Amino acid sequence: MDMQNTQVGHWPLTLTTTNPATGVVTTIPVPAGDVFSAVSSRPTSLGVAIANDAAGNQELVVTPLVIESDAANGGGGITVTVTDSNGDSAGELAGANAINVLPVPVVPAVAIGTPTFTAQPAPTAPGP
Amino acid sequence: MADDINPARRTELLAAIAVLEPQIRGLHDLITTSISDDLKAAIQHQIVVRERRDSLLHMEIAALDEVNVAQDALLADGYPALNTGVLEPSLFQELTGEESDLDAAVAVFGQQSTISVGTPTFTPQAPPAAPGP
């Protein structure tokens with residue numbers, strides 16, 4: 001997925017279990033004391049951290065650290081792996097969710113520079 | 001003795017036998033008369049076919065008889081009722097104590113979960129200065 005370098009991403013983190021008999025996936029509360037950690041595959045370009053959101057839940061915070069990291073400059077496809085202290089199966093931003101950092105497009109602005117002047121006859125219309 | 005486990009099927013099988021066995025007896029009588037060898041061969045073939053069918057019908061009836069015997073034994077054992085086992089107090093206390101220990105042992109474990117990374121929201125930041133990648 002693409003992230004502009006002027007964005008910081010906040011991903012909510014949850015725990016799920018899958019019933020092996022039915023395949024039904026259930027979200028379960030994160031147990032007290034279970035601490036998440038995150039690792040970036042290109043930490044100098046994409047910073048990752050775990051922080052608490054406004055509700056006090058742990059979230060993954062992803063911060064672009066470079067102007068651009070994508071296929072165009074030999075970077076991009078940055079994966080993020082999230083693990084926890086309870087040893088649950090890791091969560092990942094990978095595949096289609098691997099991150100490319102894109103520069104913010106520069107929109108050209110019309111600039112009015114310093115003038116020069118030439119002479120003309122005085123107009124006859126009174127105005128205003 | 002309990003009721004026949006499948007009286008309708010037994011009636012059907014007996015009816016088939018009632019048709020077959022006179023045919024078999026008659027075919028045996030017929031084959032001894034002064035007829036050609038070819039006709040005897042045709043009659044013998046029908047005897048073989050019908051005696052095989054008769055044998056299979058009797059096998060199924062015998063199996064029904066065995067099922068009835070098994071059903072009688074099951075009913076004599078009190079089926080479908082099955083009483084709860086009763087223990088004297090000290091043994092019952094020992095049993096429930098064991099159950100408690102098992103619960104404690106099960107509680108040692110938790111099911112492994114999977115960390116799920118949800119849908120992001122974004123907040124602004126100043127553009128980084130480093131060029132990348």
### Alpha-carbon gyration tensor eigenvalues x 5, square-rooted, for segment A:50-126, Å
56, 18, 9
### Message
How large are Rg and Dmax for the protein assembly as shown when calculated on the C-alpha trace, in angstrom?
### Response
44.4, 150
### Message
Compute a Gaussian network model of chain A, connecting alpha carbons closer than 10 Å, and tell me which residue from A:S40, A:S89, A:S69 fluctuates the most.
### Response
A:S89
### Query
Tell me, what ³J(HN,Hα) does each residue in segment B:3-10 have, in order and in whole Hz, if you take phi through Karplus 6.51 cos²θ - 1.76 cosθ + 1.60 with θ = phi - 60° and put x for Gly and Pro?
4, 4, 5, 8, x, 5, 5, 4
### Query
Among B:94-107, A:71-84, what's the highest-first ranking by average C-beta atoms within 10 angstrom per residue?
A:71-84, B:94-107
### Message
Rounded to the nearest 20 debye, what is the charge dipole size of the protein assembly as shown about its Cα centre when +1 sits on each Lys and Arg Cβ and -1 on each Asp and Glu Cβ?
### Response
1660
### Query
What percent does the relative contact order of segment A:1-95 come to when contacts are Cα pairs within less than 8 Å and at least six residues apart?
28
### Query
When you take every Cα atom in segment B:66-133, what is the radius of gyration, and what is Dmax, the widest Cα pair distance, in Å?
31.8, 91
## Note on the structure
Counting sequence-distant residues (5 or more places) and residues on other chains, those with an amide H built under 5 Å from that of A:G47 are A:T63, A:L65
## Note on the structure
Scalar couplings 3J(HN,Hα) for segment A:108-118 by Karplus 6.51 cos²θ - 1.76 cosθ + 1.60 (θ = phi - 60°), nearest whole Hz, x for Gly and Pro, are x, 10, 6, 10, 9, x, 7, x, 10, 10, 10
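Looking at the square roots a ≥ b ≥ c of the eigenvalues of the Cα gyration tensor of segment A:35-80, which shape do they give, rounded for a/c under 1.5, prolate if a/b is larger than b/c, or oblate?
Taking the square roots of the gyration eigenvalues as a ≥ b ≥ c, segment A:35-80 is prolate.
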### Task
State, to one decimal in nm, how far the label point of B:Y79 lies from the label point of B:F92, with both points 7 Å from Cα in the Cβ direction.
3.0
### Task
Would you look at the GNM of chain B, springs on alpha carbons closer than 10 Å, and say which of B:I61, B:I43, B:I115 moves the most?
B:I115
### Query
Each residue of segment B:16-29 in turn: what ³J(HN,Hα) in whole Hz from Karplus with 6.51, -1.76, 1.60 and θ = phi - 60°, glycine and Pro shown as x?
5, 5, 5, 7, 6, 5, x, 4, 5, 4, x, 5, 5, 5
### Message
Taking each pair of distinct Cα atoms in segment A:87-128 once, what is the resulting Kirkwood hydrodynamic radius in Å?
### Response
18.4
### Amide hydrogen neighbours beyond the local backbone of A:V8, cut-off 5 Å, H modeled
B:T123, B:Q125
### Query
Which whole number gives the average, over all residues in A:28-41, of C-beta atoms from other chains lying within 10 Å of the residue C-beta?
1
### Query
Amide H to amide H, which residues 5 or more places from A:N86 or on other chains are under 5 Å from it, using H placed in the peptide plane?
A:V35
#### Entry: Distance histogram in 5 Å bins (all Cα pairs of segment A:1-109, percent per bin)
2, 11, 20, 20, 16, 13, 9, 5, 2, 1, 1, 0, 0
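Bear in mind that the values in this text are calculations on the coordinates, not laboratory data. Since the structure is predicted, the reported quantities are computational estimates derived from the model, not experimental observations. As a convention, Cβ positions derive from the backbone with ideal geometry for all residues, glycine included, and neighbour counts pool all protein chains shown.
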